[in-house]
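Data block below; observations after.
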Amino acid sequence: MGKHYRPPGKKKEGNAARYITRSQAVKHLQVNLPLFRKLCILKGVFPREPKKKVKGNHHTYYHLKDIAFLHHEPLLETFRETRVYEKKIKKAKAKKNEERAKRLEKSKPNYKLDRLIRERYPKFLDAIRDLDDCLTMVHLFAALPALEREKIEVRRVHNCRRLSHEWQAYISRTHKLRKVFVSVKGIYYQAEVQGQKVTWLTPHALQQVLSEDIDYNVMLTYLEFNETLLAFVNCHLYHSINVKYPPILDSRLEALAADLYALSRWFAASSRALVDGQASSVSGTEQGQSQHKETSVEESELRLAQLQQQLPSNEPGALMHLVEDVAEDEEDEDTKECKKLFKNMKFFLSREVPRESLLFVIPAFGGMVSWEGDGAPYDENDEDITHQIVDRPSQTRRILSRDYVQPQWVFDSVNARIILPTEDYLVGRIPPPHLSPFVDNDAEGYVPDYAETIKRLQAAAKNQVLPLPGVGEEDMEDPQSLLAEGVIDRAEANEAAERKRKMIAHQMLYNEEIEKELRSSTSIQTTPVEKMEVGEEPLPDLQQVVEDTTSMSKVMMSRKKRGLLEAITKGKQRKKDQINLLKERKKKVEEGQKSN
């Protein structure tokens, strides 16, 4: 039987009418492939997977409505005009007409992505939910070197660095940081902004080597959109805490690569100017001088600029203004807890530690921090320093009034939300394992030893009682055992014993009433169960019954459901094997330590 062809004049139906291939879409829009990719990235149009691929499996398919959506985009006409100007500029340069080329370069049409941001994210929460990849890409390009052959400009790298520091300064000032994890790929951060969890990855401060098998044109298109999105988000967040955007930073601190500290001083100056402006407005309303409102606004802006210049660079309390301006009633419990973690602690960073990460993390949890170099708020000889972060095998010069710890102590304390003991993190010692806060140990089925230690430290910090190793919940309910262990005093043990005695009495009374009811209901006669004869077969094994039932249910399943069940079973077995492997490794390590 021959292939069925659609008669001429009849409309297409099904997938053939709803999807078109990428080559058909490019021909329909009358653009080249790089421009089509750029337009799809900016508009958020991605390929689809139809159930039936009409043109074959080797094609990329797009929905016809998405292509129609691109066809009516005003940016399409702007890109066409830009392409025409680029051809004219190329032609003028080929003819050595530099004056015409410069004139055409100035008159080349420009475009903005503000309308696309409002179109793709009608609500601010939508932008916050889609911020993970945006932050990761901006932080990546902030650490990349500028290369002309890959079209990575210096201006773009500086802009990414500025946007990333503005975001970190807001998170640090509002104490929204929740988790930190240092891995081989980089440093993972998680913050909670307006009830939404935002997770991003920042690369280590090392020399980045650019690979040649990456299409940087596609990445730069994504970066162009992400820069605009992050600028919008930063502007909205800064205005929500009554801080002017974009911030005006101290040029001297910017030259010293202390952008994050400069932003913290900008926050401090803004908060002071805001308080002064509110006080002046209240006094003005009391005196009834409404005609001086515009003058007071101008004076407050002038005072703000003066404060920015007058703040001394060695002021120890400049960073503390990050942590004292948020209204208490607007903070949730997590924010209040994070705000007080490193309170009344002063840190000093040695030159070998990751400075930018610690400058971000420590103020976000209420601490004061300085570093070795120009522009630092205080120097190493300050007597109020409580902790010095060192990442070297030994420390020759020591001051007895401070602790010399490794950077991991800061990150582990942040994840545990308590101040961990510093004995295991001292200089020259091998620190405990750096556990990921993104892993649920109870769900995974394997709890590391150090996680158990942190749980006990957390319980001790919150005055909670956890069972000791080998002690069950029944032993914890017995007041005499708690008294013997020294957990509670004798008065509390007597009260607990009295409560337990009353509960046992009530339970016995309840059991007696149940027995009386059962005896009174003997009117209903039940046939006695005959005893099992000698030659009768015994009852089947319960485990065998369960296995038979499972096998019968598998037989009744369809092939798809049976495959799904087998995949789930294999996943559970794989997880169990991984847990057993971890336990075996742990056992070998313990045996090796005992032998040594």
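Each row is one residue, and each column tells you yes or no for (1) more than 18 Å from the chain's Cα centre (by Cα); (2) in a helix (DSSP H, G or I).
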residue: 119; (1), (2): yes, yes
residue: 135; (1), (2): no, yes
residue: 139; (1), (2): no, yes
residue: 144; (1), (2): yes, no
residue: 149; (1), (2): yes, no
residue: 168; (1), (2): no, yes
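Candidates are the residues of the range 21-43 that are in contact with a strand residue (DSSP E or B) (Cβ under 9 Å, 6 or more places away or on another chain), part of a helix (DSSP H, G or I) and farther than 23 Å from residue 114 by Cβ; the one that is least open to solvent (accessible area, probe 1.4 Å) is 25.
Residue by residue through the range 550-572, note down the ones that are of a type in the set (A, V, I, L, M, F, W, C), open to solvent by less than 90 Å² (accessible area, probe 1.4 Å) and within 27 Å of residue 443 (Cα to Cα).
565, 567, 568
Does the range 467-489 contain at least one residue that is of a type in the set (A, V, I, L, M), in a helix (DSSP H, G or I) and either open to solvent by 80 Å² or more (accessible area, probe 1.4 Å) or at pLDDT 85 or above (or both)? The answer is yes, given that some residue of the range 467-489 is of a type in the set (A, V, I, L, M), in a helix (DSSP H, G or I) and either open to solvent by 80 Å² or more (accessible area, probe 1.4 Å) or at pLDDT 85 or above (or both). Would you please name the residue that is most open to solvent (accessible area, probe 1.4 Å), looking only at residues in the range 409-419 that are over 28 Å from residue 581 (Cβ atoms) and not β-branched (Val, Ile, Thr)? My answer is 417. Scanning the range 366-389 for any residue that is assigned to a helix (DSSP H, G or I), among the aromatic types (Phe, Trp, Tyr) and buried (at least 19 other Cβ atoms within 10 Å of the Cβ) turns up nothing. Hey, any hits in the range 41-59 for a residue that's among the charged types (D, E, K, R) and within 21 Å of residue 222 (Cα to Cα)? Yes, that holds for at least one residue. The single condition from (1) surrounded by fewer than 17 Cβ atoms within 10 Å (Cβ to Cβ); (2) at pLDDT below 90 that residue 423 fails is (2).
For the range 435-451, the set of residues classified as open to solvent by 50 Å² or more (accessible area, probe 1.4 Å) and under 27 Å from residue 404 (Cβ atoms) consists of 449 only. Does the range 127-139 contain any residue that is over 30 Å from residue 414 (Cβ atoms) and either open to solvent by 80 Å² or more (accessible area, probe 1.4 Å) or in contact with a Gly (Cβ under 7 Å, 6 or more places away or on another chain) (or both)? Scanning the range 127-139, I find no residue that is over 30 Å from residue 414 (Cβ atoms) and either open to solvent by 80 Å² or more (accessible area, probe 1.4 Å) or in contact with a Gly (Cβ under 7 Å, 6 or more places away or on another chain) (or both), so the answer is no. Restricting attention to the range 348-358, the residues that are open to solvent by less than 20 Å² (accessible area, probe 1.4 Å) and farther than 20 Å from residue 394 by Cβ add up to 2. The single condition among (1) more than 30 Å from residue 243 (Cβ to Cβ); (2) over 15 Å from the mean Cα position of the chain (by Cα) that residue 154 does not meet is (1). Which of the residues spanning the range 170-205 are under 14 Å from the mean Cα position of the chain (by Cα) and of a type in the set (A, V, I, L, M, F, W, C)? Within the range 170-205, 171, 177, 180, 181, 182, 187, 191, 193, 198, 200, 201 qualify.
Residue-level analysis places residue 164 outside the set of residues that are under 27 Å from residue 215 (Cα atoms), surrounded by fewer than 18 Cβ atoms within 10 Å (Cβ to Cβ) and small (Gly, Ala, Ser).
Return the residues of the range 76-106 that are under 30 Å from residue 21 (Cα atoms) and touching a helix residue (DSSP H, G or I) at 6+ places or on another chain (Cβ under 7 Å); say none if nothing qualifies.
76, 79, 85
Scanning the range 390-408 for residues that are open to solvent by less than 50 Å² (accessible area, probe 1.4 Å) and of a type in the set (Val, Ile, Thr) returns 390, 399, 405.
With respect to residue 398, is the statement that it is without any contact (Cβ under 8 Å) to a residue 12 or more places away in the chain and touching a strand residue (DSSP E or B) at 6+ places or on another chain (Cβ under 9 Å) true? Explain how you work it out, then say what you get.
Values: without any contact (Cβ under 8 Å) to a residue 12 or more places away in the chain: yes; touching a strand residue (DSSP E or B) at 6+ places or on another chain (Cβ under 9 Å): yes.
Answer is yes for this residue.
Checking each residue in the range 44-95 for being over 27 Å from residue 134 (Cα atoms), open to solvent by less than 30 Å² (accessible area, probe 1.4 Å) and aliphatic (A, V, I, L, M) picks out 89, 92. Only a single item in (1) assigned to a helix (DSSP H, G or I); (2) at positive phi is not met by residue 87, and it is number (2). In the range 108-132, the residues that are among the aromatic types (Phe, Trp, Tyr) form Cβ pairs under 8 Å with partners that are part of a helix (DSSP H, G or I) and open to solvent by 70 Å² or more (accessible area, probe 1.4 Å), at six or more places apart or across chains, as follows: 124/236.
The values are calculated or read from the model by the stated rules, or taken from the named source; none is laboratory data. What you see is a predicted model, and the numbers here were worked out from it, not measured in a lab. Quick reminder, even Gly has a Cβ in these numbers, built from the backbone with ideal geometry, and neighbours come from all protein chains shown. Remember, those area values only see protein heavy atoms, side chains included, never the ligands or the DNA or RNA. Shrake-Rupley method; radii C 1.70, N 1.55, O 1.52, S 1.80 Å.
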